[in-house]
Structure formats: C-alpha cells, structure tokens
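Notes follow once the structure below has been shown.
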Amino acid sequence: MKQTHAVGIDLGTTYSCIASLNEHGQPVTIPNQEGELSTPSAVFFDGDQPIVGTEAIRNAIASPDRVVQHAKRYMGNAQKFWRIGDMRYSPVHISGLILRKLISAAQDQIGEIHNAVITVPAQFSDSQRHATLLAGHAAGLERIEMINEPVAAALCHVLGNEGLAFTELAIDQQLLVYDLGGGTLDLAIVKYKTNEVRVVASDGDLELGGLDFTKVLVDAAAEKFIADFREDPRSNRSSLQFLTLEAEQAKRSLSVRPRAAVTVQHEGHRKTYQIEQTEFETLSRKLIQRSEEITRRILKDNKFGWAHIDVVLTTGGASRMPMIKESLKKLSGRTLNSSLSPDQSIAHGAAYYAGMLLSNDQYARTVFNSTASSRLAKVKQHSVNARALGILIRAENGQRVPHYLIEANTPLPTAKTHVFGTVVADQNRVHVRIVESGAGSDRPPSVLGDCEIKDLPRNLPEGTEIEVTISYDHQARVHVSAREPVSGCKAEVEIIRQQNLNAQLEQQPGPENDDALDLHSIAGDNLPVDNLKEVAGRKNMPRPSATSSQTHEKSNPSQRGILNSSQPPEFDARAVISGAKPAAASKKAEESTTNKNPGRKSAPEPSRSTQKTAGRPARKTDPNEAEFWDLVDGNE
C-alpha cells in the first residue's frame, strides 16, 4: 500500500498555498514550480493554454481580457463567467486550474496526491462549499475535506508551527481568531483544552479583505490623476490593471514605511503620486469601522466580553497593516499574538487537520512516525455553522419568508426535524425550498435550492404527517431527508440548485409557484413565522444523526465526474487542466446549441460604469454588469 500524505490547501482570493506534514508531524509549505511558497490566484490564457500564478499577473496589463483574478469572490454564483475567446469559464473552472497548479507542484516533490483538506471562509454558504468541492474534483482530487479558515489558524496555533513535540500549548485558552485575507474577513471564538479545539462562534464578511484596501489606494491615485489630466485611468482595463498592481505594492510598502509611491499611466500621461500612511488610514476608515463592527458583534451576539478572551490571534496577509493592528489593540486592550505566518498558517492548519483525519483512519498508511501519529489521533476539533438553516414558508400576507430550524453557531454536525402535513389527499410528493441566512446578520438570506420529496405512499389522507429533516454535516454541507412515520417510508430527496438564488425571496405568490411549500405545519395553517412549531407532544422525538445514512443530492459531490453537469458545453475542464488543448467550439456549433434551446438568451453586454466608494461596492442586480472588480477580474 502506498503511503498517504497529509495535504492542506489554502485556496485564497489573491494567493493560494499548499502544505503537507512530514514524518515528524511538522507542516512544510511546498513551493510551486517557480520556487514560490505562495501562488497568485490568477490565470492567464495564452491562446487556449492556461498559465497560473505570477506569469498570469505579469500579463494582466498587456492582456487584461485574457487574465482572470479573484475567482473565489464569485464561488457559488452560477451566473458568473469569464469569456476568453470562444470559451466560457466559471469560478469553479478557474479555481480548479489554480488547485491543479498547486497539486502538480506538490506531486513532483512528495508523490501522488489523491486526498486533501481545502480551507474555506467560515461564512461560505452551502453553494460556495459545493463549488469548492467541484473545483477540487476538477483538479483531480478523489476525496476532499473542508475546514473553516479560522479553525485551521487555531489548529496551527495550538499545535505549534515547529511541530507537535515542542510547541503544543500546555494550558487551556480561549482565542479570538482574526483572519483578514485578500478577499474575506473571518473571525472565530475558539476554546482550546488538551486534545480539543472547539469553535464557539464565528462571524465575518465575504466582501471585506485586502482587495478593498487596495481599491482605496486605486481611487485615491485615480482622483489625483483626474485633477491633473481630466482623464480617468479606471475607464481602461490596461490602465486600471497597471494602477491596481501599483496600489497593491504601495499597500504593502505602507505596512512598513510612512509613505509609498503610486504611478499612474493612461492616455499617454504618466505621473507618480506619494501616498502618506496617515492619508491611507483616513481613506480606509469605513473599512476599519466595518471590521470593528464585526469584531464587536461576534462578542456581543455570543455574550462574551474581552475579559473572556485570553489571546487575540491574527493571520491573513492583510492583517499586517498597522491600522488593522492598532484597531484590534484599541478594541481588545491587549497585545496581539502575531506569531502565525500570515501567508502560510491557514495551509499549515489544514495539513494538521488532514493528519488528524489520516491518523484516525485505520486503513491509511501514512508517512508519520508513531509519536506523531499517536499525537495527531488524540486531537479533536469541533466547529459550528456560521449560517442559520431552514425553509421558506408563506406568511399571513402571502409572501415567502425564511423559517430557520437550525440557528447559526450550532455545534456540528447537527440535524433538525419538523413535522408538516400534506395539503391534499393522495399527495405523492412535496416541494420544500431550503434557505440559509446571509453571511452576517446584516446580509439577506440565500435560497439554496428546491428539494423534491418524491414517492410518498399511495392514498395518504390530507394532513398526513411528513417529517422533514434538514442537517449540516461536519463540513457545514447541507443534507435533506423526509419520512412518513406511519409507513416508515423514506422519500427520495434531491436538492435542485437555483441559477438565481436570492431572486426567489422577492418572488410573489401566484399560480406558477403555488407549490413552493406543498405542506402545512401540523400546528395549524397560515401561521406567522414565529408561531410555526413542531407537533405538540413530540418534543422528545429522536433527532436523526447528521452523520447517519441519508439520501443525498442526486449529483453526489464525492463522484469525480460531477463537474460535467455544471460545465458549459464548449469547455472541457479535464483537457485544460491536464494541459491538453481542448477542442474550440466554433460559432456555428454555438449557434446550433442555441437553436436547440430557443429559450436560451445570450448574456447581455456588460456596462462599463464604475462606482467610487470606499470598499467593495454593492452588487448590481445584473451579475454580469461590470464594476471596479469586474474590470480588474476580467469579467465578461
């Protein structure tokens, strides 16, 4: 039997990293083919050949329409794609290419890799986690586990950067993990005691990261350039990409120097501006306030005070900025723990988690020595769901509203059963719409999809009880099952993921969608949300285990071929990822496909308008409409 390596991957918005554990249980970052420990999360298409990493960034100015960046910010968005030549690429495709680059470099050094742990933001929805799994399978991985990024950072901290034998924490601690990466902010309150890492609560913002601080500098330099030359460098992709790269370098310089230079070139003009650190901090004040609000919120919502926090642990590349450190110091009133590598600790924590899983697998043959294997096997980690999970029901006014059965920050795995009644006699199927709360209390909920529960027994009377169980597994993936308790019949369940998720929340009831919830609560018809209850006298009904055998989605993410169901017909991910040249789809073939689907409409041309606001602008109604980051990312 071949040895299995414990591999962890930090799939980041701006940079990605891969690590593995050596025989002593020490995390080792694996450099890419260019010798870099972190790989830029960018893809350049040289003809039909994808090139990932630093070379892609270098080509972003000359060929901005052939470079894709920041795909992670669009994970789970089924309507987002980039058109490169005759091909269309989704965030899953781009992420798959980045993962393939990391895995290929690692395999050259440690051998074949079939399994890995991939980190995701704690606030990622089920759709975003599902997309991450698809990307991993597209990159050739057979088995994928996911771990939330702040949990990975906590594991790296408590198990130690230098290996298990020397730096394992000897005392119990309660940590606040603050992870500010390139694209997201993640926070978690973590309790550590011997051999156990337990997440108490998590919060964050999926659209607050280093990119947004870079945009502050872009806007500042652009406004100065406009005052001098009456030309906006953000209106041209090449000029904007040049300015963005300049702003990124200046942002890094301002972490160690009082001022930095930003050069702008556009329409034959070129000028360099000096940006003071104090000016940068003033311009970034709204972003800092947003970070502080979320930090206060995670403590307040979970009834914690700073006296309950022993350590404030920072990680993520953007946490290097002095304004971030100063903000956290003022909030917490204590010295920060910045001992973790901002760029590599997440991948190291993921590798530790991979080692923990392998050491508890009696059939796995690992590279660890007996000491490391025994130690890893003892460590347990317990996480929570960042989002509430429930169903859409109709309120008294006829509008659909979410009713959450599983609250946010519930220990995982978890399951909740609610009893409904059929609406008509001889009803043989029901239709339930699954919904998750937004990424933070101030964000709208997301509809994950429709759940078709089929094959109910024949001749059921109206009002027959149906037990609908929704659950999160240990990776915060959603599962749904149903049971008719009299006959014991377990119904088939399939989650039909929507193309436009949030729009359904605004959908008005009508004849077309009257079966949005083909059940009513046993507690009574047309009840307002806060009166929806389980059946009286059934409070002690046993709750099914979230890890028990259930009927999963029809497209099982554990099958490597799943990506084919979501790929556009003109793109062969396997061919591109393996380096082979995919067959380009001709315009004639595309027209033929359109003719076979007369209802299919082509994507609208994107608008070139930009917003001049500090931080990431609010998303447009049309997901294909260009904005600042769409121009930088190469949106089509």
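Key figures for this structure:
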item	result
Cβ-based net charge around HIS114, under 9 Å, with every Lys or Arg adding one and every Asp or Glu removing one	-1
Solvent-accessible heavy-atom area per residue, rounded to whole Å², over the range 8-167 at 1.4 Å	28
Under the Karplus curve 6.51 cos²θ - 1.76 cosθ + 1.60, θ = phi - 60°, whole-Hz ³J(HN,Hα) for the range 136-146, x wherever Gly or Pro sits	x, 5, 5, 7, x, 6, 8, 10, 10, 10, 10
Protein accessible area in the range 303-396, 1.4 Å probe - carbon and sulfur %	48
Those GluC sites (Glu not before Pro) in the range 440-486 that DSSP places in a loop and that have at most 14 other beta carbons within 10 Å	GLU462
Where the range 302-428 is the region considered: accessible area per residue in Å², 1.4 Å probe	40
Of the chymotrypsin sites (Phe, Trp or Tyr not before Pro) in the range 362-463, those whose Cβ has at most 16 other Cβ within 10 Å and which sit in DSSP loop	TYR363
The range 208-278: trypsin sites (Lys or Arg not before Pro) falling in loop per DSSP and having at most 16 other Cβ within 10 Å	ARG230
Per-residue HN-Hα couplings for the range 28-33 [Karplus 6.51, -1.76, 1.60; θ = phi - 60°; Hz; x = Gly/Pro]	10, 6, 9, x, 7, 5
Amide proton proximity set for GLU196, modelled H, under 5 Å, gap of 5+	LYS380
The range 1-159 - percent relative contact order, Cα under 8 Å, separation 6 or more	22
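The values are calculated or read from the model by the stated rules, or taken from the named source; none is laboratory data. Here the structure is a predicted model, which means the values were calculated and not measured. Counting neighbours? That spans all protein chains shown, and the Cβs are built from the backbone with ideal geometry, glycine included. Quick note on the areas: whole protein, heavy atoms, side chains included, nothing else; ligands and nucleic acids left out. Shrake-Rupley method; radii C 1.70, N 1.55, O 1.52, S 1.80 Å.
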